[in-house]
1. For region 3-25, check the following and say yes or no: at least one residue is within 16 Å of ligand 2 (Cβ to nearest atom), among the hydroxyl-bearing types (Ser, Thr, Tyr) and at negative phi.
2. Quick one: is THR98 modelled with pLDDT of 95 or more, within 30 Å of GLY392 (Cα to Cα) and open to solvent by less than 50 Å² (accessible area, probe 1.4 Å)?
3. Take the residues in region 252-262 that are touching a residue at least 60 places away in the same chain (Cβ under 8 Å) and buried (at least 22 other Cβ atoms within 10 Å of the Cβ); name whichever of them is nearest to VAL154 (Cα to Cα).
4. Quick test for you: out of LEU265, LEU168, LEU191, LEU239, pick the one residue that is out of contact with any Leu (no Cβ under 8 Å at 6 or more places or on another chain) and either open to solvent by less than 10 Å² (accessible area, probe 1.4 Å) or over 23 Å from ILE46 (Cα atoms) (or both).
5. Could you check region 188-229 and list, in sequence order, the residues that are within 16 Å of ligand 1 (Cβ to nearest atom), of a type in the set (Ser, Thr, Tyr) and over 24 Å from LEU172 (Cα atoms)?
6. Working only within region 266-286, note down all residues that are within 11 Å of ligand 1 (Cβ to nearest atom) and either in contact (Cβ under 8 Å) with a residue 12 or more places away in the chain or under 13 Å from the mean Cα position of the chain (by Cα) (or both).
7. Out of the residues in region 348-358 that are in a helix (DSSP H, G or I) and open to solvent by 20 Å² or more (accessible area, probe 1.4 Å), which is nearest to HIS307 (Cα to Cα)?
8. State all residues of region 217-230 that are more than 10 Å from ligand 2 (Cβ to nearest atom) and out of contact with any Pro (no Cβ under 8 Å at 6 or more places or on another chain); if no residue qualifies, say none.
Amino acid sequence: MTIRLYNTLTREKDVFSPIDADNVRMYVCGPTVYDFAHIGNARPVIVFDVLYRLLRHVYGEAHVTYARNVTDVDDKINDRAVNDFPGVEPLKAIRALTEKTYTQFTADITELRTLTPTVEPRATETIAEMIALIDKLIAGGHAYAAEGHVLFAVGSMPDYGQLANRSLDEMLAGARVEVAPYKRDAMDFVLWKPSDPATEPGWNSPWGYGRPGWHLECSAMSWKHLGETFDIHGGGIDLVFPHHENEIAQSRCAHGTAVMARYWLHNGFLQVEGEKMSKSLGNFFTIRDLLNDWPGEVLRLAMLRSHYRQPIDFTVKSLEEARRTLDDWYWFASDAKGSGPAKAVIEALSDDLNTPKAIAELHGLRNAAQKAGGDMAHAEFVGSLRFLGFLGETAEAWAARRKAAAGINTAEVERLVALRLQARNARNFAESDRLRDVLAEMGVTLKDAKDARTGRLTTSWEVKG
Ligand code: AMP
Ligand code: ZN
């Protein structure tokens, strides 16, 4: 199976060929943990979860290493920690905040049916590697210390700007960079900065008590867990510049390598009801807010209906559509175990993670399964859904949730369903049709089936949105 991925570095859909097929390595920039993650943050989490599943399918579960970091030292974290834990020593305060936030994040994305990455490194546990990287950069003439800071010298790297596809001059013209007096070049960026021991978290280093710059964190964590060069690096499109450009500069210059990662993947942005999500516009949603109203699988399906590189407009309408689809899929799958995923679904995903195509294939399988002799299509339909992270609960649990949400009186429905079955068994079709209509008014659909063993008629029911 050939996988093709759009690579921001080459600006082409490249054939994916891992450095070592026995250990395919992927790094994705994870959350900065200081508050509940918003639904935009869920997009890279879900998109790269699908890629992780595809890689495991193609190369084998034991042969893929997925690292998604936790940024647990950062100025936003510190500001919040000072506020939430006044008087607490800075390192302890940020730890208390980031522990709590990371636990919330994990709970949220578990409901989105994402697999746990192989490693989730934390910046605060990778400080030694960061200091080692700075040492290498200074030794190689790529960084310099000035006034308690260490800066990366962009002029020391001839092809700086390759990922963003911009020259240094173009960047300078477009950037509003803070020109600190200790910088040799306006585009030089911070690797290490001084901390005030009383109010800011910090660590001892050859350049004084301080803390790392954000870009350095990812270079250190990917190096520690995936090596100097690895296969895939992912994140949101907003990270291309400066974050990923600077990660590349640090890692390549420190290790003397031609590439940091070979394939750079970026997901498009998510907006809500046609507008950029922002607290001031009142359209800002945390994952937790949405999980109060929608099952995680609905959010997941709504997300995957768009191709990952396209911008996505998250709307209530798109969530309702995803929910209706899942209601039908759960009902139709009815807890079957399923086979492996269908070839057509894997092919769609192998074409630069074409999830809209994969979903169209699922609809096709569902329809084929309904026709006579559709057993294999049914098995593949169910297997593909499970492969993509759906059907995480039983059809009954799913239906119960729907019934509760729709305000359905289950006891009353059960009574009417039983009465209708009685009427049907007595061949009183007028009465059984009347009861079916009464139930339909309540939003209840019926499915009759003959029990293969006893030959008796049974009826199950569903609430359709
Ligand atoms: P942050 O915690 O802000 O560093 O973001 C974590 C991840 O979420 C990064 O990969 C961002 O690119 C991504 N991200 C943030 N906002 C959005 C959004 N509105 N749509 C899609 N991805 C986003
Ligand atoms: Zn990063």
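The values are calculated or read from the model by the stated rules, or taken from the named source; none is laboratory data. No experiment lies behind these values; they were computed from the predicted model shown. Positions of Cβ are generated from backbone atoms using ideal geometry, with glycine treated the same way; all protein chains shown enter the neighbour counts. Calculation scope for accessible area: heavy atoms of the full protein, side chains included, ligands and nucleic acids excluded. Shrake-Rupley method; radii C 1.70, N 1.55, O 1.52, S 1.80 Å.
1. Restricting attention to region 3-25, the residues satisfying the condition of being within 16 Å of ligand 2 (Cβ to nearest atom) are 8-9, 25.
From what is left, the residues that are among the hydroxyl-bearing types (Ser, Thr, Tyr) are 8.
With the extra rule that they be at negative phi, the set shrinks to 8.
There is at least one residue in region 3-25 that is within 16 Å of ligand 2 (Cβ to nearest atom), among the hydroxyl-bearing types (Ser, Thr, Tyr) and at negative phi.
2. yes
3. Within region 252-262, the first condition is being touching a residue at least 60 places away in the same chain (Cβ under 8 Å), and the residues that meet it are 252-256, 259, 261-262.
Right, trim to buried (at least 22 other Cβ atoms within 10 Å of the Cβ) and you get 253-254, 261.
Numbers: CYS253: 10, ALA254: 13, ALA261: 19 Å.
Only one residue tops the list, namely CYS253.
4. Just a single option satisfies the conditions, and that option is LEU168.
5. The one that is within 16 Å of ligand 1 (Cβ to nearest atom), of a type in the set (Ser, Thr, Tyr) and over 24 Å from LEU172 (Cα atoms): SER222.
6. HIS266, ASN267, GLY268, PHE269, LEU270, GLN271, VAL272, MET277, PHE284, PHE285
7. Only one residue fits best here, namely PRO356.
8. If we filter region 217-230 for residues that are more than 10 Å from ligand 2 (Cβ to nearest atom), which is where we start, we get 220, 223-230.
Within region 217-230, TRP223, LEU226, GLY227, GLU228, THR229, PHE230 meet the criteria.
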